[in-house]
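> Starting off with a structure, shown below.
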Amino acid sequence: MEKNQYTNLLSEIPIGTHTYKNRMLAAPIYCGVFVNIPPLRKVLFHEIGARARGGFAQVTVGETPVDYEYASREPFPPIDYTKYEGDAFADLRTIAGLIHEGGAKALIELSHCGESMVKLPDNPDPIGPTGFVRGEDGVRVKEMDEGDMRMVKDHFVQAAAFMKEAGFDGVLIHAGHGWLLHQFLSARTNKRGDGYGGSLENRAKFPLEVLKAVRDGLGPDFIIEMRVSGDEKMPGGMDPQETAAFCRLAEPYIDFVHVSVGVYRDPVLSGEFSSMYQPHGLNAEAAAIVKSQVKIPVAVVGGISDPGLAEALIAEGKCDLVALARPATAEPCFAEKVAGGRADDITPCIRCFKCFPGELEENLDRLDELFGCTVNPEAFFYDEALQTKKPDPKKVLVIGGGVAGMQAAITAHDRGHKVILVEKGTALGGLVNFADEDVYKTDLRDFKDLLVRRVESRGIEVLLGTEFSPGMIGENGIEAVVIAIGAVPAIPSIKGIKNALHALDAYGAPDVVRKRVLIVGGGLVGCETGLNLAKQGKEVTIIEMQDELAPDCYPMHRVALLHEMEGMLAYRTGAKCLEIFPGGVEIENRDGRTEKLTCDQVIFALGMRGLSEEAAQLAWDIEKAAEGIAVCKIGDCNGARKVYDAIREGYIAGLSIQ
């Protein structure tokens with residue numbers, strides 16, 4: 001697409017007393033308090049730094065509690081907002097400076113968990129609009145009195161002043177996602193009988209007092225962005241009309257509204273974090289309702305990874321700005337590429353949840369392992385020495401044109417090497433080509449197609465329909481080889497397996513897959529294959545030997561997957577397949593009884609076999625043909641895993657050729 005097709009995205013917009021250079025925002029992500037956590041500090045600097053260089057008009061540091069007794073949800077070391085000194089203050093000042101160096105406005109999200117605070121041993125009971133005892137853990141939530149409200153207002157002002165002194169242009173005040181201000185706003189959580197409960201005007205009273213206190217304390221030039229859940233998506237919760245009415249009340253104190261949806265304690269099903277089963281731009285209609293009720297700008301977040309969609313949302317008047325969270329992890333240079341006429345090189349977020357492990361408080365014992373991005377291998381990659389070391393240019397041969405091989409070829413080329421890519425099939429993409437036929441995998445398909453375009457645009461020599469032979473090494477003067485030959489379906493030792501079709505062969509074969517389908521294997525592949533077939537109108541039943549489905553999923557994706565499966569297909573766990581025969585299977589139930597199930601088609605999804613032995617033989621043949629040559633094996637040939645592993649290993653292989 002030509003650059004001028006994004007005239008709305010690229011236009012300036014006044015925000016308060018400031019002017020934003022475009023309409024693209026890097027949404028709040030990666031908590032400000034990470035500066036106090038050694039394993040997470042590098043995440044904050046690396047990821048915020050990447051966004052700062054990426055051309056966004058505003059970059060926002062994520063959730064930062066306004067105090068560490070009542071507001072925080074993790075036992076992280078506190079930031080002392082009364083002292084404009086110390087390591088945390090210095091780090092936040094550096095981060096604000098990084099953002100400014102990229103030409104963006106620097107904001108940070110201030111939050112208060114309220115009744116949702118996890119009770120820590122040395123902390124007082126949580127506070128909220130309504131007193132009650134939490135059912136899940138028996139913790140008593142204290143109903144806030146006016147003294148508590150004064151304390152919270154003071155903490156918001158104090159934290160905002162600290163951030164201003166650290167160099168931030170403003171703060172995002174979180175009034176959504178089920179946090180404290182939202183708890184006051186929602187009739188679902190606010191059961192007060194005084195002047196702070198009942199009507200919306202009363203429920204809005206305390207949140208408005210907080211906003212006014214920050215505005216009065218920080219002045220007219222300090223940016224105040226307010227995040228709301230446009231639709232709470234919970235029984236008895238706020239809907240877009242009520243949210244819009246609140247935003248109209250808040251308008252005198254804020255510079256713009258940021259519309260999300262949902263609540264943090266049910267982040268997937270409420271839509272706070274959209275999954276691949278939800279539409280892109282899923283919050284746009286809620287934002288449009290808010291926009292119709294206010295005169296200040298409105299931003300919207302939620303599954304926006306395509307600049308064409310972002311442009312259309314603004315052109316249609318549904319919002320004034322778009323905010324990217326996970327899509328800015330996948331492509332931190334989103335805005336820069338839009339402005340530079342390179343929108344077709346934007347890496348799409350596939351909404352797989354690799355980058356978001358779930359609630360941090362449930363993962364405190366493995367902070368070093370958290371985070372990653374399936375489609376952007378530079379995200380959360382901290383070996384700067386490897387990235388910056390200048391290699392001696394070499395002639396490189398990559399064997400295998402799946403996603404691992406393509407990424408290795410792209411990275412090696414970009415490092416200055418001359419690359420030949422050999423693929424025995426007729427097309428690049430490898431196993432991921434199944435995404436061409438999966439109704440839910442359009443983002444994965446787009447990513448695979450992007451890799452193909454990147455290979456082609458670089459002039460990498462691609463030999464399709466070509467089987468590797470050791471003679472290629474000497475003929476082409478090859479100095480380094482990357483083996484990325486992938487995996488094949490694992491064929492289990494089940495009687496009658498020849499009567500079944502493998503899951504991958506069920507794609508692109510509508511005439512082969514008949515009406516009533518029984519899938520043997522309820523891991524991720526089996527569930528996603530079944531879901532795709534059910535979407536096509538097939539009657540699908542999955543049988544799984546273990547007690548749960550899809551244990552190999554990323555946790556939040558599993559929530560979305562199982563929810564999408566409800567009502568669309570049937571499944572049985574604790575059912576071991578003993579035999580497959582034409583027209584059905586014999587299973588053994590948990591109690592040891594056998595049973596026959598009938599169907600029109602049996603499909604098996606019982607894992608993939610990495611071509612490790614074949615890769616080892618290739619490496620042996622190569623080393624015999626050219627003694628001392630550098631050879632590495634990447635991707636599924638080391639053991640079938642996920643796309644994330646293939647892309648990361650391809651990237652590292654490309655960097656490692658020295």
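Read-outs: derived from the displayed coordinates by stated rules, not from any lab. Predicted model only: the values in this text are computed from it and were never measured. Methodologically, a virtual Cβ is constructed for each residue, glycine included, from the backbone with ideal geometry; neighbour enumeration extends over all protein chains shown.
> Can you pull out the GluC sites (Glu not before Pro) in the range 405-472 whose DSSP state is coil and whose Cβ has at most 14 other Cβ atoms within 10 Å?
Glu467
> Also: Tell me which trypsin sites (Lys or Arg not before Pro) from the range 33-91 have a DSSP coil assignment and no more than 10 other beta carbons within 10 Å of their own.
Hits after loop and neighbour filter: Lys83.
> Rounded to the nearest 0.05, what FRET efficiency is calculated for Glu384 and Thr17 with R0 set to 30 Å and r the Cβ-Cβ distance?
Step by step, r from the Cβ atoms, then E = 0.20.
> A follow-up question, please. Quick check on the chain: of the DSSP beta bridges with both residues there, what percent are antiparallel, nearest 5%?
Of those bridges, close to 20 percent are antiparallel.
> Further question: If packing is taken as the mean number of other Cβ atoms within 10 Å per residue, what is the order of 59-65, 561-567, highest first?
59-65, 561-567
> Considering the zone a paramagnetic label at Asp547 would reach in this model (a point 7 Å from Cα along the Cα-to-Cβ line), which residues of the range 350-370 have amide N under 12 Å from it?
What the label zone holds, given the 12 Å backbone N cut-off, is no residue at all.
> About its Cα centre, how strong a charge dipole does the range 497-606 have in debye, to the nearest 20, once Lys and Arg get +1 and Asp and Glu get -1 at the Cβ?
240 debye
> Got a sec? How would His174, His502 order by Cβ neighbour count within 10 Å, fewest to most?
His502, His174
> So for the range 213-316, what percent of the C-alpha to C-alpha distances run longer than 18 Å?
Result: 50 percent of Cα pairs exceed 18 Å.
> Taking Lys164 as the anchor, which lysines have their alpha carbon closer than 29 Å to its alpha carbon, excluding any fewer than eight residues away along the same chain?
Lys21, Lys42, Lys83, Lys105, Lys153, Lys205, Lys212, Lys291, Lys295
> Would you calculate the separation in nanometres between label points at Glu136 and Glu588, each defined as 7 Å from the Cα along the Cα-to-beta-carbon direction?
3.9 nm
> Sticking with this one: I need the calculated FRET efficiency for the pair Glu623 and Glu467, taking r as the beta carbon distance and R₀ as 25 Å, to the nearest 0.05.
So the FRET efficiency works out to roughly 0.85.
> Along Cα→Cβ, 7 Å out, is where each label goes; now give me the distance between the ones at Leu200 and Lys515 in nm to one decimal.
Result: 5.0 nm between the two label points.
> What is the helix-to-structure angle for 146-165, meaning the angle in degrees between its Cα long axis and the longest Cα principal axis of the chain, kept from 0 to 90 and rounded to the nearest 10?
Computed tilt is about 60 degrees.
> Which length gain, in nm to one decimal place, applies between Asp221 and Ile491 when the Cα-Cα distance is subtracted from 0.36 nm times their residue separation?
Roughly 90.6 nm would be gained on extension.
> Where does helix 38-52 land angle-wise versus the long Cα axis of the chain, in degrees 0 to 90, nearest 10?
Tilt relative to the chain: about 90 degrees.
> If you take the square roots of the eigenvalues of the alpha-carbon gyration tensor of the range 394-444 and sort them as a ≥ b ≥ c, do you get rounded (a/c under 1.5), prolate (a/b over b/c) or oblate?
Because a/c hits 1.5 or more and a/b fails to exceed b/c, the range 394-444 counts as oblate.
> Of Lys538/Lys596; Lys233/Lys441; Lys418/Lys633; Lys394/Lys633; Lys354/Lys538; Lys354/Lys390, which pairs sit farther than 23 Å apart, going by alpha carbon to alpha carbon?
Exceeds cut-off: Lys233/Lys441; Lys354/Lys538; Lys354/Lys390.
> Then there is this: Where nothing but the Cβ of Lys and Arg (+1) and of Asp and Glu (-1) is charged, how large is the charge dipole of the chain around its Cα centre, in debye to the nearest 20?
780 debye
> Which label marks the calculated value of volume of the Cα convex hull per residue in Å³, given the options (1) 170; (2) 229; (3) 158?
(1)
> Take peptides 22-31, 582-591 and line them up by average Cβ neighbours within 10 Å, highest first, as a rough protection proxy.
Ranking the peptides 22-31, 582-591 by packing returns 22-31, 582-591.
> Could you check the spin-label model distance between Lys83 and Leu367? Points 7 Å from the Cα along Cα→Cβ, value in nm.
Modelled inter-label distance: 1.9 nm.
> Suppose only helical runs count, i.e. DSSP H with n ≥ 4. What mean residue ellipticity at 222 nm does that imply for the chain under -39500 (n - 2.57) per run, divided by all residues and rounded to the nearest 500 deg cm²/dmol?
-9500 deg cm²/dmol
> May I pose another question? Give me the percent of DSSP beta bridges within the range 3-369 that run antiparallel, rounded to the nearest 5.
10 percent
> Further, regarding this structure: Among Trp179, Trp620, which comes first, second and so on when ranked by fewest other beta-carbon atoms within 10 Å?
Ascending Cβ contact count within 10 Å gives the list Trp620, Trp179.
> Name the shape class, rounded, prolate or oblate, that the alpha-carbon gyration tensor gives for the range 497-606, where a ≥ b ≥ c are the square roots of its eigenvalues, rounded holds for a/c under 1.5, and otherwise prolate holds if a/b is larger than b/c and oblate otherwise.
Taking the square roots of the gyration eigenvalues as a ≥ b ≥ c, the range 497-606 is oblate.
> Something else now. Calculate how many DSSP beta bridges within the range 497-606 are antiparallel, expressed in % of all such bridges and rounded to the nearest 5.
40 percent
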